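Below is one structure; the comments refer to it alone.
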Amino acid sequence: MPSAASKHLLFILAPLVVVFALLPGVYQNHLLLFNFVIFLILAQGVNIIYGFTGYLPFGYVGFFGAGAYGFAIMVMHLQWPAVLAVLVGGVVAVLLGLLLTPLLRLSGAYFAIANLAASLAVLHFVANPALEGITKGPYGVSLTGTFNPTHAYYAAVVVMGLTVGAVVYLKNSAFGLALQAVREDAVSASMAGVNIVKMRVIAWLASALIAGLAGGIYAWYVSVFYPDNVFSGEFSIFAIVFALFGGVATITGPIVGVIILYGIYNLIGFTTPQYFQLIYGLLIMGLVLFLPAGLVSLATRRGWNVP
Amino acid sequence: MIYALVAGVLFGLYFSLVGIGLNLVFGVMRIVNLAHGDMLMLGAFIALGVVGIAGVDPLFAVPLAFVVFVLAGLLLYWVLVPRLQGSANPEMLSIILFFGLSQVIEAVTTIFAGTSERSIQSRLLGSVFTTIKVKWFGSKAGRAGPIEIFGQSFPAPWVIAAVTSLIVIALVYLYLYHTRLGTLTRAVMSRRDEALATGIDVDRVSAAAFGIGLGIAAVAGVFAPFMFGSITPAFGADATVTSFAIVVLGSLGNPLGTALGGIVYGLCYMLVQTYLSSWADLLPYVLLIVILLLRPSGLLGRRVRVA
């Protein structure tokens, strides 16, 4: 349905990109805006792998960190320009994704746990003092040469646009439909002629690429970071919760989730983190118990069609 | 070398205790209890409370923690699980639900207890034995010093924790294989639908398993301040990851496999600590991934891999 796809592009993607491209001129806290964009990217990345294939990537941050370090190594050792280095970050994440494809053989909780272990393994690999010559080990990297938050911000907005575009494509194409069929019932889908393995691997690598690009841009933006920052489990968990809160396998769900939850986080999270944690935990529990399909399902239940 | 091996077995027994509750819950209900580590943490706080208020041996906290958490588990079960089981994908949603629960527990504990590290003087543990020796057998009150095994001395709390773990594991074995409720529990573990069809009250069995699982976690928590030095409210998350590694090593869904998994993990942990190399941190995670891929059912267990 090309018309629906173009409508989604026009009414969701375009306003989102325009708003985030213009906001820095109006609003002073650029770091906050940047974090919003990064989480929008990550939440949509989780949406692609979890929403459309049902694999819960508990160690999603592994790709993010791999991207950040891919960027850092290119800049530190080869003095590549930042934009190319961000692309390398994406490639590194895809390679990591390829390395981890065997994990897709596991099902359900096993995949989630193995993915978490994989991300921790990558963290300890990168933070290893024995590799200090390459990754600077646990002492962190400093990339002042490429420091340019404005460019990094616009790069993030571009990647966000591409990511949302990818989700629009999945939502409106036979490929996305096939993925959802595989998620619902792999055996029936394969009998209907869907190549399950190929489908899953493509979605997996796509979401790895997205997280890798986001990681590269994050490294570009912050320019000084430690392994524990870019491999922090909070990235995976926040991204998953944001995506679920809005509703997965939709275009708007993760966007709504990020804006509401990350907004709340910034309102009360900095001053009283433990109260935020309490509210956040209660919200998550209430969500799973009463609205397992996310906030968007409130509207779909009433018969409104939410993309 | 002998020191590392014996310490490994001692720690391993304790780690089995840490993991076995998680495994019982997963085996019976197919629910991933991400709040497991937080139960441990709460158990540790009960021990702190017992020492702080009553000033007696923390061993008295063991039965208290067990009873309190069995009751709490039953309550929690009736509140959370029926709704969860009714949803489309209980296994996945349970991960997120219990993540929310763990956030709530951590936040509430932080609000009431603060974030500072707490520990208990290790000589308090086991002081009841010395008192009994003095009162009943009239022997001299000696200093509760380290205990010697194979000519190497180990801190007394390690030995006490290991012995308690052994007793608890034996009790779990007796429960599962020599009581009626235990037999029903195993029936539910192997085939939930068929157990339901043969007229087993699956809800009652699951509730019992859930309560016992949490109770054991709390008992393990009582020893946590001695085994890990000190505890904070944020300790739960790490404990959960460790428990997962242990449980998966043994086998997810087979509580007795966990005992083996715990000992393997304990030995690895201790050998790594002894022959400390910079690659050591990677070991548990790589081990976890390799085992999941090669023998996803764990060292002892049935097949779980799909596709």
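For first residues located in region B:57-79 and under 22 Å from B:ILE167 (Cβ atoms), partners that are open to solvent by 30 Å² or more (accessible area, probe 1.4 Å) and of a type in the set (Phe, Trp, Tyr) and lie 6+ apart or on another chain with Cβ distances below 9 Å form the pairs B:ASP57/B:PHE129; B:LEU59/B:PHE129. Which one is nearest to B:ALA44 (Cα to Cα), of the residues in region B:212-240 that are more than 13 Å from the chain's Cα centre (by Cα) and modelled with pLDDT of 75 or more? Among those that are more than 13 Å from the chain's Cα centre (by Cα) and modelled with pLDDT of 75 or more, it is B:PRO225. Can you go through B:PHE99, B:PHE60, B:PHE66 and tell me which one is among the aromatic types (Phe, Trp, Tyr) and either modelled with pLDDT of 85 or more or more than 23 Å from the chain's Cα centre (by Cα) (or both)? Matching residue, one of B:PHE99, B:PHE60, B:PHE66: B:PHE66. Every listed requirement among (1) buried (at least 20 other Cβ atoms within 10 Å of the Cβ); (2) modelled with pLDDT under 90 is met by A:GLU234 save one, (1). Do you know which residues across region A:25-44 are open to solvent by 20 Å² or more (accessible area, probe 1.4 Å) and not small (Gly, Ala, Ser)? Of everything in region A:25-44, those that are open to solvent by 20 Å² or more (accessible area, probe 1.4 Å) and not small (Gly, Ala, Ser) turn out to be A:VAL26, A:TYR27, A:GLN28, A:ASN29, A:HIS30, A:LEU31, A:LEU32, A:ASN35, A:PHE36.
Of everything in region B:192-212 that is among the small types (Gly, Ala, Ser) and either touching a residue at least 60 places away in the same chain (Cβ under 8 Å) or surrounded by 14 or more Cβ atoms within 10 Å (Cβ to Cβ) (or both), the residue that is farthest from B:HIS36 (Cα to Cα) is B:ALA195. Figure legend. Inter-residue proximity from region B:85-110: first residues surrounded by fewer than 22 Cβ atoms within 10 Å (Cβ to Cβ), second residues at pLDDT below 80 and among the basic types (Lys, Arg), beta-carbon distance below 7 Å, spacing 6+ or different chains. Indicated pairs: B:PRO90/B:ARG30; B:GLU91/B:ARG30.
All told, B:ILE167 falls short of being part of a helix (DSSP H, G or I), hydrophobic (A, V, I, L, M, F, W, C), at pLDDT 85 or above and open to solvent by less than 30 Å² (accessible area, probe 1.4 Å).
Taken as a whole, the structure leaves A:ASN195 outside the set of residues that are more than 29 Å from A:ALA68 (Cα to Cα), of a type in the set (S, T, N, Q) and touching a residue at least 60 places away in the same chain (Cβ under 8 Å). Restricting A:ALA82, A:ALA21 to residues that are touching a helix residue (DSSP H, G or I) at 6+ places or on another chain (Cβ under 9 Å), open to solvent by 10 Å² or more (accessible area, probe 1.4 Å), over 30 Å from A:SER173 (Cβ atoms) and small (Gly, Ala, Ser) narrows the list to A:ALA82. Evaluate the following for B:LEU300: is it touching a helix residue (DSSP H, G or I) at 6+ places or on another chain (Cβ under 7 Å), open to solvent by 50 Å² or more (accessible area, probe 1.4 Å), more than 9 Å from chain A (Cβ to nearest Cβ) and at pLDDT 75 or above? For B:LEU300, the condition - touching a helix residue (DSSP H, G or I) at 6+ places or on another chain (Cβ under 7 Å), open to solvent by 50 Å² or more (accessible area, probe 1.4 Å), more than 9 Å from chain A (Cβ to nearest Cβ) and at pLDDT 75 or above - is not met.
Taking each residue of region A:274-301 that is open to solvent by 60 Å² or more (accessible area, probe 1.4 Å) and looking for partners that are modelled with pLDDT under 80 and not in a helix (DSSP H, G or I) with beta-carbon atoms closer than 8 Å, six or more apart or interchain, yields A:LEU298/A:LEU291; A:THR300/A:ALA293; A:THR300/A:VAL306.
Conditions (1) open to solvent by less than 50 Å² (accessible area, probe 1.4 Å); (2) more than 17 Å from the chain's Cα centre (by Cα), marked per residue:
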| site | (1), (2) |
| --- | --- |
| A:LEU177 | no, yes |
| A:ALA186 | yes, yes |
| A:VAL201 | yes, no |
| A:ASP228 | no, yes |
| A:PHE238 | yes, no |
| A:GLY246 | yes, no |
| A:THR252 | yes, no |
| A:LEU267 | no, yes |
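Checked against the criterion of being within 11 Å of another protein chain (Cβ to nearest Cβ), farther than 26 Å from A:THR101 by Cβ and at pLDDT below 65, the candidates B:SER277, B:SER243 yield just one match: B:SER277.
The values are calculated or read from the model by the stated rules, or taken from the named source; none is laboratory data. What you see is a predicted model, and the numbers here were worked out from it, not measured in a lab. Heads up, the Cβs are rebuilt from the backbone with ideal geometry, glycines too, and the neighbour counts pull from every protein chain shown. What goes into the accessible areas is simple: the full protein's heavy atoms, side chains included, and nothing from ligands, DNA or RNA. Shrake-Rupley method; radii C 1.70, N 1.55, O 1.52, S 1.80 Å.
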